[in-house]
Amino acid sequence: MRLGKLALIRGQVLAAAIVSVEKPSAARQVVIQLLQQANRNANIQLAEPTTTPGNKQIVQVTKNQVNRLSQQIQDGKQYIVRIFSAGNYVRGENQIEFFADAALNQLVFSEGEVLATTTANSKTMTSYQLRQRLELLISASQFRARNAGILESIEVDSTFLQFVAQIGKYKEAFEIKAVAAQNTYTAGPLKVKLIAIQNGEVLFST
């Protein structure tokens with residue numbers, strides 16, 4: 001049984017990078033560098049507050065793990081490679097296990113692609129209900145992004161509050177669409193634009 005302040009949780013990212021190797025022989029060095037970064041970060045996370053982080057080999061790495069990950073990324077395509085903590089670890093521990101993931105960094109959503117749609121009517125809905133409807137729209141976009149494999153969370157334009165205020169000015173039903181603000185790849189993030197549409201015409205947007 002381990003006692004102490006939790007410093008790492010299972011699934012926490014220790015290191016991540018977007019990589020593309022020109023020669024298969026270079027894949028191994030890329031993997032080693034990423035694992036070294038993960039080890040440095042693990043040393044920092046697990047160090048006691050009053051001590052200087054060391055440079056011990058905390059992350060337990062086997063030759064088979066390096067070979068397996070190297071083989072996954074050696075085809076010249078662009079990958080997002082992430083190193084995760086395999087368990088929960090407390091401060092002061094000097095050995096941790098990891099697992100790795102390599103996902104192709106490919107186009108997931110094109111600019112303008114509709115992610116989710118809802119309707120609003122400030123004549124029949126309270127401001128709270130309107131805001132709740134928008135939050136559900138964003139949640140639906142997040143769900144779609146996760147299902148599509150996007151790694152980062154979504155970002156909504158900073159004019160979101162202005163968009164909410166504008167909704168109250170229109171006393172008829174209209175449609176609100178959440179669309180991809182730009183071409184979005186697996187690495188993310190997914191930037192979302194909200195568009196208010198009535199009778200096929202854009203009223204306003206974020």
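The values are calculated or read from the model by the stated rules, or taken from the named source; none is laboratory data. Just so you know, these numbers come straight off a predicted model, no measurement behind them. Because the Cβ atoms are built from the backbone with ideal geometry, glycine has one as well, and the counts that use them run over all protein chains shown.
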Return the residues of the range 99-144 that are under 20 Å from ILE80 (Cβ atoms) and assigned to a strand (DSSP E or B); say none if nothing qualifies.
PHE99, ALA100, ASP101, ALA102, ALA103, LEU104, LEU107, VAL108, PHE109
So the check is Cβ under 6 Å with 6+ separation or different chains; which pairs have a first residue in the range 92-107 that's more than 10 Å from GLN60 (Cα to Cα) and a second one that's part of a strand (DSSP E or B) and of a type in the set (Lys, Arg)?
ASP101/ARG82
Go through the residues of the range 131-149 one by one and say whether even a single one is among the basic types (Lys, Arg), loosely packed, with under 15 Cβ neighbours inside 10 Å and in the same structural domain as ILE32 (by TED's automatic domain parsing).
no
Do we find that GLU22 is of a type in the set (Asp, Glu), closer than 27 Å to THR186 by Cα and surrounded by fewer than 13 Cβ atoms within 10 Å (Cβ to Cβ) in this structure?
yes
Cβ-Cβ under 8 Å, sequence separation 6+ or interchain: first residue in the range 176-199 and farther than 14 Å from VAL164 by Cα and of a type in the set (Asp, Glu), partner at pLDDT 95 or above and surrounded by 19 or more Cβ atoms within 10 Å (Cβ to Cβ). Which pairs?
none
Taking the range 48-70 only, how many residues are surrounded by 13 or more Cβ atoms within 10 Å (Cβ to Cβ) and in contact with a Lys or Arg (Cβ under 7 Å, 6 or more places away or on another chain)?
2
Report the residue count in the range 145-178 for those that are assigned to a strand (DSSP E or B) and among the aromatic types (Phe, Trp, Tyr).
1
